[in-house]
1. State the antiparallel share, in %, of DSSP beta bridges confined to the chain, rounding to the nearest 5.
2. Would you please classify the overall shape of segment 98-192 from the alpha carbon gyration tensor, given that a ≥ b ≥ c denote the square roots of the eigenvalues, rounded means a/c under 1.5, and beyond that prolate means a/b larger than b/c while oblate covers the rest?
3. What does DSSP give for segment 1-127 in terms of the percent of beta bridges that are antiparallel, rounded to the nearest 5?
4. Sort M101, M91 from largest to smallest accessible area, using a 1.4 Å probe on the heavy atoms of the protein chains.
5. Of the labelled options [x] 30, 22, 13; [y] 31, 18, 13; [z] 26, 24, 15, which one gives semi-axes √(5λ) of the Cα gyration tensor in Å as computed for this structure?
6. For segment 75-152, which GluC sites (Glu not before Pro) pass both filters: DSSP loop (anything but H, G, I, E, B) and at most 12 other C-beta atoms within 10 Å?
7. Which shape class, rounded, prolate or oblate, goes with segment 147-215 when its Cα gyration tensor gives a ≥ b ≥ c as root eigenvalues, a/c under 1.5 marks rounded, and past that a/b bigger than b/c marks prolate?
8. What residue among V108, V193, V100 has the largest mean-square fluctuation in a Gaussian network model of the chain, using Cα springs under 10 Å?
Amino acid sequence: MIRELFGHPFSSYTWKALIALYEADAPFTFRNIAGNEYPENEAAFLAHWPVGKFPLLVEDGVPIMESSIIVEHVAPALIPDDRNLAGEVRMLDRIFDNHVMTAMQAVVAEHLPFITQTPDEARIARARAALDKIYPWLDARLRERRWAAGEEFTLADCAGAPALFYADWVHPIAAEFATLRAYRCRVLGRPSVVRVVDEARPYRKLFPLGAPDRD
């Protein structure tokens, strides 16, 4: 089997797929799409997926899109057999993507010069308000759990790790949300997550708000 993952080492959604591949100890080749550094990778990527959204998994020439689908494909053990627990895992996966990652990226986007020269403070305020709503919800939901959905590391954690890593940079999680802060610290200590964080360190200069001197 020839398995290739196209993505950017600093991309939160690429991290999500990489974490699953590392958790499963699955063999693959990483095809780096970092600016103009690897034009051959970008050309192959766009040939498979003209939409141009990464990560993209290509397995024996067959493209597989969307990070959650990639995780389930390469690491099916990250989805519990129990139907109710699997539902919780998939729900939290969507919560992290849609209500943490999306809000975080909305703030970041307002500071990217190729998107806008003048940050829209109203958009930024709405995104921060969204994070202010989801942080307490997650703090309550994750209480008395080791990982996002319970005692086992799952798809939900593959989504939670990158979402909270960057969200806390953009809009710090308040000290009152001790459960959520502790979970973020715990998931960032997971070996698969440590690996993606370390691999991305050379690209921290790309963070438009200025990467904090931590994590």
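The values are calculated or read from the model by the stated rules, or taken from the named source; none is laboratory data. All of these numbers come straight from a predicted model, not from anything done at the bench. Note that each Cβ is placed from the backbone with ideal geometry, even for glycine, and that neighbours are counted across all protein chains shown. These area figures cover heavy atoms from the full protein model, side chains too; ligands, DNA and RNA do not enter into them. Shrake-Rupley method; radii C 1.70, N 1.55, O 1.52, S 1.80 Å.
1. 70 percent
2. prolate
3. Once the DSSP bridges in segment 1-127 are tallied, antiparallel ones form about 65 percent.
4. Highest to lowest solvent-accessible surface, that is M91, M101.
5. Given [x] 30, 22, 13; [y] 31, 18, 13; [z] 26, 24, 15, the structure-derived one carries the label [z].
6. E144, E151
7. Taking the square roots of the gyration eigenvalues as a ≥ b ≥ c, segment 147-215 is oblate.
8. V108
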